[in-house]
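A short write-up of the structure that comes next.
The values are calculated or read from the model by the stated rules, or taken from the named source; none is laboratory data. Worth saying up front: this structure is predicted, and the values here are computed from it rather than measured. Using ideal geometry, Cβ is built from the backbone for each residue, glycine included, and neighbour counts are taken over all protein chains shown. Areas reflect the complete protein model, heavy atoms only, side chains present, ligands, DNA and RNA absent. Shrake-Rupley method; radii C 1.70, N 1.55, O 1.52, S 1.80 Å.
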Amino acid sequence: YINFASNYSWLPYPGSPWNNVRSDTASNLKDDQGNNSSVSLNLQTNWWASYTNGAQTGNNSGVYSDTVLRDYYYFGTSGGPNTVTGSVTGLDTTKTYSITFFASSLWQIRPDNGHTVYQIGSRKDSIEVQNNRSQVVTFSNLSPASGGVITFTMSKGADASAGYLNSMVI
């Protein structure tokens, strides 16, 4: 469970099982039992920007808690790249995995923040981020490449002013 947390330290972050990531790399992510693992995340860019304007429910009734819905990593604006490639490493090559992406924004730069597109291999799907509290994209039956790596790409949709990622569940 990865939450792309803002760098605003006065805001509460989600507790276990969430790993609160505040940079483009995170190592030894904790599993759903709170144990350190060999799994790491690397966004292959030197760009990091986060904010706290994801749609919330006020009562934690979304797909995740309001603290997860609130914070997001964004790209494709303010000098950031339009596409970001990331990798999950340290995976067991004898197992298959699912990766679920969640994105939400209420950023007021435009009335509708459009879609963020996610791709793993030849599979591609997108999320309409505006006021999203429940839509996720899940890629299932993923086999890591040699070395235990799954690579993914995120890009802002043609209708978007930015791309977003609030959380990932592996």
Q. If you look at just the Cα atoms of region 83-170, how large are its Rg and its Dmax in Å?
A. 13.8, 45
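Keeping the other protein chains in place, figure out the carbon and sulfur percent of the accessible area of region 63-149, with a 1.4 Å probe.
Working: 1750 of 3810 Å².
Whole-percent figure for carbon plus sulfur exposure: 46.
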Q: With springs connecting C-alpha atoms under 10 Å apart, model the chain as a Gaussian network and identify which of Leu29, Leu142, Leu69 has the largest mean-square fluctuation.
A: Leu142
Q: Leaving out ligands and nucleic acids, note down the accessible area per residue over region 97-170 with a 1.4 angstrom probe, in whole Å².
A: 41
Q: Amide H neighbours of Asn113 under 5 Å, at least 5 residues apart or on other chains, H built in the peptide plane: list them.
A: Gln130
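Multiplying the sequence separation of Thr25 and Ser122 by 0.36 nm and subtracting their Cα-Cα distance, what value in nm do you get?
On the way: separation 97, 0.36 × 97 = 34.92 nm, distance 2.44 nm.
Value of the extension gain: 32.5 nm.
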**Q.** Residue among Tyr118, Tyr74, Tyr64 with the largest mean-square fluctuation in a Gaussian network model of the chain, springs linking Cα atoms under 10 Å
**A.** Tyr64
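Would you calculate a helix-derived [θ] at 222 nm for the chain, using -39,500 (n - 2.57) for each DSSP H run of n ≥ 4 and dividing by the full residue count, to the nearest 500? Let's see the in-between values first.
Details: 1 runs with 5 residues, N = 170.
Calculated from helices alone, the mean residue ellipticity at 222 nm is -500 deg cm²/dmol.
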Q: Describe numerically, in nm with one decimal, the distance between label points set 7 Å from Cα along Cα→Cβ at Tyr97 and at Trp10.
A: 3.7
(Q) Over the chain, with a Gaussian network built from C-alpha contacts below 10 Å, which listed residue (Asn113, Asn36, Asn132) shows the highest mean-square fluctuation? (A) Asn36
Q) Over region 1-79, what is the relative contact order in whole percent, taking alpha-carbon pairs under 8 Å and six or more residues apart? A) 31
Q: Evaluate the relative contact order of the chain (contact order divided by residue number), counting alpha-carbon pairs under 8 angstrom at least 6 apart; express in whole percent.
A: 26
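Given Cβ point charges of +1 (Lys, Arg) and -1 (Asp, Glu) and nothing else, what value in debye, to the nearest 20, does the dipole of the chain about its Cα centre take? Could you put the intermediate results ahead of the total?
Working: 9 positive and 10 negative charges, 20 e Å.
In debye, rounded to 20, the chain gives about 100.
Assuming 0.36 nm per residue, please report the length gained on full extension of the stretch Ile109 to Ala145 beyond their Cα-Cα distance.
On the way: separation 36, 0.36 × 36 = 12.96 nm, distance 3.89 nm.
Additional length available on full extension: 9.1 nm.
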**Q.** Amide H within-cut-off set for Ser167, under 5 Å, with H built and near neighbours excluded
**A.** Phe4, Phe102
Q) Once you mark the trypsin sites (Lys or Arg not before Pro) that are in a DSSP loop and have at most 16 other Cβ atoms within 10 Å, what is the longest gap between them in the chain? A) 1-94
